[in-house]
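**Q** One structure coming up, written as structure tokens, with questions to follow.
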């Protein structure tokens, strides 16, 4: 989210994702704003085009642009989830550098918020990245518009080529912990009966991670929902790699997963890592992510960087990441706005 305050009004319009010129103009604004972020998380045009036109069976998404004198000067994306968190709207705003502080961001944000409210959302949540040790202008911009900081996260990145020589020593560290867990690796949706075991871990995930004040609720995961989510990722040109750990009795012990675009595999993004409480203290988290890194390199040799994001208070996961050679590259803040419930109705 980027900062703007007052100035001449901008014309805000919905983007038809099937209009390639309009979609490209939206992408150009976002890509320019995101270009200076470390690890370049926003995809290049061919990859982005596939992702942006893909259907979203688990979410409703709208893109907006802001124009001045026919020039696209701002972009926004707002989404609402359909399977869980029916109270949440997720707005994001980007403004071209030479049009900031001129009302563009405010116009886009108001439009996205109104769209989410029309769909019954009562809490709005957005994420603002900042350079390490700094506060990006998007933070005070969101605060001016009624958002509060609800959580702070650290983004870390690991260079797989540089850290690969350390993996053998980490294997020894894992082995010395004496865990009896075994791992299974899946590309795409896991087959039965592993899908149900993965769901048992996913059900715990939101409850286990430190959320701060973020009003996020976990989903009721089913094998069908997992398949639907992964199929949507694949339709958008993304592939998910999952490492699932099982205890000696076959019970779910932990998981780690990451997604990347095979068409442009340089960057993989960790989705989640969780160790069941009964299996903690045996370096299983380290084993899971170590396997994840190895599999990424083996299956996609062009994968060079793995990116992850953790709450600053999550010391256990930060320790795992430190051992794997992750370095902090930026900070993100979760900014949240609680809306007053609609008036009227009966008791």
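Only the coordinates and a few stated rules stand behind these numbers; no lab work does. Remember, predicted model here, so these are calculated numbers, not experimental data. Here Cβ is always computed from backbone atoms with ideal geometry, including for glycine, and neighbour counts include all displayed protein chains.
**Q** Could you work out the relative contact order of the stretch 11-146, using alpha carbon pairs under 8 angstrom and six or more residues apart, expressed as a whole percent?
**A** Relative contact order, the stretch 11-146: 21 percent.
**Q** What distance in nm separates the simple spin-label points at residue 34 and residue 59, each placed 7 Å from Cα in the Cβ direction?
**A** Distance between label points: 1.1 nm.
**Q** R0 = 51 Å: FRET efficiency of residue 312 with residue 25, Cβ-based, nearest 0.05? The partial results should precede the final answer.
**A** On the way: r = 36 Å, r/R0 = 0.71.
The value I calculate is 0.90.
**Q** Add -39500 (n - 2.57) for each DSSP H run of 4 or more in the chain, then divide by its residues: what number comes out at 222 nm, to the nearest 500 deg cm²/dmol?
**A** Working: 10 runs with 113 residues, N = 347.
Calculated mean residue ellipticity at 222 nm is -10000 deg cm²/dmol.
**Q** Normalised by the residues of the chain, what does the relative contact order come to in percent, with Cα pairs under 8 Å and at least six apart? Write out the running numbers ahead of the final one.
**A** Details: 689 pairs, mean separation 79.0, N = 347.
Relative contact order here is 23 percent.
**Q** Per 0.36 nm of contour for each residue apart, how much would the distance between residue 205 and residue 118 grow if the chain were fully extended, relative to their Cα-Cα spacing? If you can, show how the numbers build up before the last one.
**A** Details: separation 87, 0.36 × 87 = 31.32 nm, distance 2.95 nm.
Here the segment from residue 205 to residue 118 would lengthen by 28.4 nm.
**Q** Name the most mobile residue of 231, 316, 131, meaning the one with the largest mean-square fluctuation, in a Gaussian network model of the chain with Cα contacts below 10 Å.
**A** 316
**Q** Also: In the chain, what percentage of the DSSP-assigned beta bridges are antiparallel, given to the nearest 5?
**A** Values: 66 of 71 bridges.
Percent antiparallel among DSSP bridges in the chain is about 95.
**Q** Ordered by packing density, taken as the mean number of other Cβ atoms within 10 Å over each peptide's residues, highest first, how do 83-90, 289-296 rank? Walk me through the intermediate numbers first.
**A** Values: 83-90: 18.4, 289-296: 21.6.
Peptide ranking by packing, descending: 289-296, 83-90.
**Q** Based on the Cβ-Cβ distance from residue 13 to residue 176, what FRET efficiency comes out when R0 is 56 Å, to the nearest 0.05? Please report the intermediate quantities before stating the final value.
**A** On the way: r = 60 Å, r/R0 = 1.07.
The value I calculate is 0.40.
**Q** Still on this model: Rounded to whole Å, give me the distance from the Cα center of the stretch 13-58 to that of the stretch 126-195.
**A** Between the Cα centres of the stretch 13-58 and the stretch 126-195 lies a distance of 23 Å.
**Q** Next up: Go ahead and set up a Gaussian network model of the chain, Cα springs under 10 Å, then flag whichever of 70, 247, 146 fluctuates most.
**A** 70
**Q** Using a 7 Å offset from the Cα along the Cα-to-Cβ direction at both residue 196 and residue 266, what is the distance between the two label points in nm, to one decimal?
**A** 4.4 nm
**Q** Rounded, prolate or oblate: which fits the stretch 114-201, taking a ≥ b ≥ c as square roots of the Cα gyration tensor eigenvalues, rounded meaning a/c under 1.5, else prolate when a/b beats b/c? Mind showing how you got there, number by number?
**A** On the way: a/c = 3.26, a/b = 1.58, b/c = 2.06.
Oblate shape, in that a/c is at least 1.5 and b/c is the bigger or equal ratio.
**Q** I've got another one for you. Helix 104-118 versus the longest principal axis of the chain: what is the Cα-based angle in degrees, 0 to 90, to the nearest 10?
**A** With rounding to tens, the tilt is 70 degrees.
**Q** Hey, what did the stretch 157-333 get for relative contact order, percent, Cα under 8 Å, at least 6 apart? Before the final figure, lay out the partial values.
**A** Working: 269 pairs, mean separation 52.1, N = 177.
It comes to 29 percent, rounded to a whole number.
**Q** So in the stretch 157-333, what percent of DSSP beta bridges are antiparallel if you round to the nearest 5? Walk me through the intermediate numbers first.
**A** Values: 25 of 28 bridges.
The answer is about 90 percent antiparallel.
**Q** Could you order the peptides 164-176, 55-67 from most to least packed, using the average number of other C-beta atoms within 10 Å per residue? Write down the numbers at each step before the final one.
**A** Numbers: 164-176: 12.5, 55-67: 16.9.
In decreasing order of mean packing, 164-176, 55-67 become 55-67, 164-176.
**Q** Under a GNM of the chain (C-alpha, springs under 10 Å), which listed residue has the highest mean-square fluctuation: 69, 195, 207?
**A** 69
**Q** At 0.36 nm per residue, and after removing the present C-alpha to C-alpha distance, how many nm does the segment from residue 340 to residue 184 gain when stretched out fully? Mind dumping the intermediate values first?
**A** On the way: separation 156, 0.36 × 156 = 56.16 nm, distance 4.64 nm.
Between residue 340 and residue 184, full extension yields an extra 51.5 nm.
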